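Below: one structure, written as structure tokens.
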Amino acid sequence: MALSQNQATLVGCIAPLCWGLSVSIVRILSETVGVAPGLALKYILAFVILFLVFRFPNFRRMPLKYYICGFGSALACSVSFAFSLAMAQNGTQTMEVGMVNYLWPSLTILFAVMFNKQKARWWIILGILLAFYGILMIISKEIVINFSQINDHVRSNPVCYLLALISAVAWASYSNFTTAWAQGENPTTAIFALEALFFTGLWLIGDVESVNFSVKGVAVIVIAAVVMGGACVLWNYGVQKGKIAVLGIASFFTPVLSSLFAFIFIGAQLTSVFWLGVAIVVLGSFICWKSIEHTKSR
């Protein structure tokens with residue numbers, strides 16, 4: 001029986017819930033199985049799920065520049081995101097770098113305006129500034145930004161924060177490359193296959209025999225694959241059959257869900273300032289989205 005538009009929208013809204021779990025799952029996966037083997041097996045299983053639903057895109061329709069820039073930025077995002085979380089010193093820092101990654105919605109819209117000729121109203125600037133202010137508040141742990149404290153905090157683990165920022169920039173770039181050059185094809189299955197090959201290669205280069213697969217490790221791998229692969233399937237269905245405006249609003253609550261799950265599953269100690277910073281990041285992203293909602297690309 002076909003679902004109604006409202007039911008399809010509800011199905012699509014499950015995807016942000018799954019994305020909210022991604023930070024905690026990748027952290028647990030890295031601690032339980034290891035970064036390379038854990039992500040290799042996660043992407044292999046997720047690829048199987050996506051292949052059964054979407055198959056491969058029509059590769060001939062996509063230009064070479066999309067393979068280089070689009071696939072390259074998607075892979076860069078996954079690699080930098082995974083290692084930024086794995087290198088975090090504890091659950092709290094995991095969420096800090098996770099929130100840096102959540103700059104991607106605002107950056108996606110900014111890049112669309114800069115490079116894809118997307119029209120936007122002036123208050124997009126306010127949205128971008130608010131999103132960055134929220135991140136700085138989270139890192140400094142103070143409402144009034146203390147740049148000296150931010151400097152000391154970031155210097156304690158600079159590569160971790162840098163990778164998180166690279167991940168945000170890479171995903172925003174991928175989104176715009178896909179809009180401009182994917183020719184309407186859905187490259188998700190192919191990208192998951194590429195990521196599975198990359199992390200499998202890292203795993204094979206390392207010490208394969210040292211990996212100890214416990215029951216917990218296998219369970220986390222399966223859950224991670226179902227959550228990430230399922231999110232893509234559910235979101236795609238919701239976008240095609242449901243109300244895109246509602247889904248867009250729901251997606252902005254992903255950082256809130258991510259913070260909540262991190263508090264529950266990885267013991268992140270989140271202060272009131274952190275939650276306020278999260279709210280400001282969400283608000284900034286929402287303002288960016290509203291700035292282009294009633295305009296059209298050229």
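Listed here are the residues, each with its yes/no results for (1) at pLDDT 90 or above; (2) more than 27 Å from Ile287 (Cβ to Cβ).
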position: Ala74; (1), (2): yes, no
position: Ser106; (1), (2): no, no
position: Asn116; (1), (2): no, no
position: His153; (1), (2): no, no
position: Val159; (1), (2): yes, yes
How many of the residues in segment 144-156 are in contact with a helix residue (DSSP H, G or I) (Cβ under 7 Å, 6 or more places away or on another chain) and in a loop (DSSP other than H, G, I, E, B)? 2
Being in a helix (DSSP H, G or I) and open to solvent by 10 Å² or more (accessible area, probe 1.4 Å) is the filter here; which residues of segment 27-36 pass it? Arg27, Ile28, Ser30, Glu31, Thr32, Val35, Ala36
Might you check whether a residue that is among the hydroxyl-bearing types (Ser, Thr, Tyr), more than 26 Å from Ala262 (Cα to Cα) and part of a loop (DSSP other than H, G, I, E, B) occurs anywhere in segment 4-15? yes
Has segment 204-219 got any residue that is over 27 Å from Arg55 (Cβ atoms), of a type outside the set (Ser, Thr, Tyr) and buried (at least 20 other Cβ atoms within 10 Å of the Cβ)? yes
Kindly list, by first and then second residue, each pair from a residue in segment 53-66 that is touching a residue at least 12 places away in the same chain (Cβ under 8 Å) to a residue that is among the aromatic types (Phe, Trp, Tyr), limited to pairs with Cβ atoms under 8 Å and residues at least 6 apart or on different chains. Met62/Trp181; Pro63/Trp181; Lys65/Trp181; Tyr66/Phe177; Tyr66/Trp181
Against the condition more than 17 Å from Ser22 (Cα to Cα) and open to solvent by 40 Å² or more (accessible area, probe 1.4 Å), how does Ile143 come out, does it pass? yes
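Per-residue answers, yes or no, for (1) within 18 Å of the chain's Cα centre (by Cα); (2) in a helix (DSSP H, G or I):
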{"site": "Leu39", "(1), (2)": "yes, yes"}
{"site": "Tyr43", "(1), (2)": "yes, yes"}
{"site": "Phe47", "(1), (2)": "yes, yes"}
{"site": "Val53", "(1), (2)": "no, yes"}
{"site": "Ile68", "(1), (2)": "no, yes"}
{"site": "Ala76", "(1), (2)": "yes, yes"}
{"site": "Ser84", "(1), (2)": "yes, yes"}
{"site": "Gln89", "(1), (2)": "no, no"}
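The values are calculated or read from the model by the stated rules, or taken from the named source; none is laboratory data. If you're wondering where the values come from, they're calculated on a predicted model, not measured in any experiment. As a convention, Cβ positions derive from the backbone with ideal geometry for all residues, glycine included, and neighbour counts pool all protein chains shown. Ligands, DNA and RNA are excluded from the accessible area calculation, which covers all protein heavy atoms including side chains. Shrake-Rupley method; radii C 1.70, N 1.55, O 1.52, S 1.80 Å.
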